[in-house]
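Right, one structure below, let's go through it.
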Amino acid sequence: MSAQYIGPRCIWGCLGFVADLEWWQGGNFYQIYPRSFMDSNADGLGDLLGIASKVPYLAEIGMDGVWLSPIMKSPQADYGYDISNYTDIEAAYGTLDDFDVLLAACKANNVKLILDLVPNHSSDEHQWFINSENRVPGYENYYTWHPGTFDPVKGEHIPPNNWVSVFRFSGWKWSPIRKQFYYHAFLDKQPDLNYRNRRVVQEMKDVITFWLRKGVSGFRIDAVPFMFEVEADAKGNFPNEPLTGASCTNPDDYCYTQHVYTNDRSETYDMIYQWRALMDEFAQSSDKIARVIMTEAYTSLDNMIRFYGEGSRLGSHIPFNFELISNVNSESTASDYFTRINNWLERVPEGLQANWVLGNHDQWRLATRLGVERTDLLNILLQTLPGIAVTYQGEELGLLNTHLTWEETVDPSACNTQDPVNYEKASRDGCRTPFPWDDSTNAGFSNASKTWLPVNTDYTTMNVKAQKAASNSHLKIFIKLTKLRKQNVLRQGAYDLKLVNDGNVIVNYRSYGNDVAIVIMNFGDSSQSVNVIDAYPDKTLPAQLTVYTASLDTFTEGATQTLSSVTVAANKAVVLTNVVVT
């Protein structure tokens, strides 16, 4: 197969480079799951002061920003994604004073703090919902309500239509107080807010402004495609969603219907654009430093790209790119990755930033899902592609999923399967277990007698302390990558991506002035000899470059490598460069 490629291109378009980048452009972002990062008070739960104590680690591994899964007040029915007060801290994590300590630690270490915003739904314990359920004037339509119908045979009220919850069963819950059903896309303790109500829109804008004034640098916005449902008809009714057919025949399952009336409505994009305008206005009126929006949307590629903006209206700075989460697996080839990478790069609007996401709190761990033997290869891929990289806590260590028994499982997604045999397929607990800092009790995460989820049994060897002490490790490779990423050759350099060696190898040529970095990634099941010179006949390349870093137990860092013949082992990668990084 002849080389296929995309390039050469510039991240910023080919009209020239941007001299002064904003803090988030080309940046590295790290996701923390607060319950599992660090416990400061020996109760078995991570907390804000625990995170604050570890902010120097985030700086050490090269992060520009950190976003926290929800820390706002919550009954924890879905571990923080059910918020009962948007302007207070969940007591299990600390207080607003503790938040200020964390914010100060981030500022001292030059790490921007980003919060998770959950706008689609609140908790049913939020005062807004309590008011709405009790028909308090002004709150009647804060949520989506419907009387349903009465079934005289069953002697009960039945839901108005066939809308199904993501977590299974009907998306409608009967309120004996209001004597109507309310819609919930997720748990019944997570009623959906009604953004067709202008007061709700303003409430959420006030929430955003509250936290901006506190000093956060932006928001990761959860479950964006669910924010709007189809508008009710003249009689106040909502249509049934079409069935998926033979592929899913259980009406309790989310896959039973096609979600054309409850997902990806056009109004959703307008709301993101409104929030972007609000945040840009805040930045302009204060310190002129951008506050960023990250959007979570498991949707079509075209829809993900639409979140960037339309026409003159700007949207998400970082619409999470899930091409490499949704469309590759442990069997995927270099050609598969090449296709997904190019799908995104070809669609990113001129002058805006690509981004790359390989893991998060809703996915099995990178090494478990995409292949243990590819751990370093995938971190090398993530850190050397153009644009922004997002890393979930622990992926820098190559952590594996933790196995939990049915009795230990707490994730609603798994519990609602009601299946003690196959629950783990739906469980997200395996990637949410406590972070392993060292080989002491509870992996150095907590001094409690029991942690909220059990620590992975491999913590005695798979931990930060051990990987720092090793002559080489996944962590040390990751840190080297993030240091190189701060150099212009990766942060704003041109790229030229090619598929070579019969579709087994991806080569990425990055350049900025005289600086060059060449990344060779072998996704094949056998060793590959790559002729980089032949792959780039249009470029004047040096005969040799230095090995900067590579997958464990392959190349010697600092060694000289001839570009006409670079042999890379199966499922491994190497970074070659002339850039000196101190």
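The values are calculated or read from the model by the stated rules, or taken from the named source; none is laboratory data. Every value quoted in this text rests on a predicted model; they were computed, and no experiment measured them. Positions of Cβ are generated from backbone atoms using ideal geometry, with glycine treated the same way; all protein chains shown enter the neighbour counts. Note: areas computed on protein heavy atoms with side chains; ligands, DNA, RNA excluded. Shrake-Rupley method; radii C 1.70, N 1.55, O 1.52, S 1.80 Å.
Each residue in the range 383-430 was checked for being of a type in the set (A, V, I, L, M), open to solvent by less than 10 Å² (accessible area, probe 1.4 Å) and at pLDDT 95 or above, and 5 pass. Scanning for something open to solvent by 50 Å² or more (accessible area, probe 1.4 Å) and not charged (D, E, K, R), does the range 198-221 turn up at least one residue? The answer is yes, given that some residue of the range 198-221 is open to solvent by 50 Å² or more (accessible area, probe 1.4 Å) and not charged (D, E, K, R). Annotation: of all residues in the range 139-169 being over 22 Å from Thr257 (Cα atoms), at pLDDT below 95 and part of a loop (DSSP other than H, G, I, E, B), the one that is least open to solvent (accessible area, probe 1.4 Å) is Gly155. Taken over the range 189-222, the criterion of being among the charged types (D, E, K, R), over 18 Å from Gln127 (Cβ atoms) and not in a helix (DSSP H, G or I) is satisfied by Arg196, Arg220, Asp222. Note on the range 170-188: residues that are assigned to a loop (DSSP other than H, G, I, E, B) and either over 32 Å from the mean Cα position of the chain (by Cα) or surrounded by fewer than 20 Cβ atoms within 10 Å (Cβ to Cβ) (or both) total 5. The set of residues from the range 503-525 being open to solvent by 50 Å² or more (accessible area, probe 1.4 Å) and either more than 32 Å from the chain's Cα centre (by Cα) or more than 17 Å from Ala334 (Cβ to Cβ) (or both) comprises Tyr512, Gly513, Asn514, Asp515.
The condition (being part of a loop (DSSP other than H, G, I, E, B) and open to solvent by 30 Å² or more (accessible area, probe 1.4 Å)) is satisfied by just one residue among Asp88, Asp124, Asp97, Asp82: Asp124.
So for the range 382-397 (the condition being assigned to a loop (DSSP other than H, G, I, E, B) and of a type in the set (Ser, Thr, Tyr)), does at least one residue qualify? No: zero hits. Within the range 412-435, being within 16 Å of Leu45 (Cβ to Cβ) and either part of a helix (DSSP H, G or I) or not polar (S, T, N, Q) (or both) holds for Asp429, Arg432, Pro434, Phe435. Scanning the range 279-313 for residues that are out of contact with any Phe, Trp or Tyr (no Cβ under 9 Å at 6 or more places or on another chain) and either aromatic (Phe, Trp, Tyr) or in a helix (DSSP H, G or I) (or both), we see that the one that is surrounded by the most Cβ atoms within 10 Å (Cβ to Cβ) is Tyr308. Restricting the range 20-59 to residues that are of a type in the set (Ser, Thr, Tyr) and part of a loop (DSSP other than H, G, I, E, B), which is most open to solvent (accessible area, probe 1.4 Å)? Among them, the one singled out is Ser40. Screening the range 536-579 for strands (runs of 3 or more DSSP E) wholly inside it with 3 or more residues that are buried (at least 21 other Cβ atoms within 10 Å of the Cβ) returns the ranges 544-550, 572-577.
Among the residues making up the range 461-517, none is in contact with an Asp or Glu (Cβ under 6 Å, 6 or more places away or on another chain), farther than 19 Å from Gln383 by Cβ and of a type in the set (Val, Ile, Thr).
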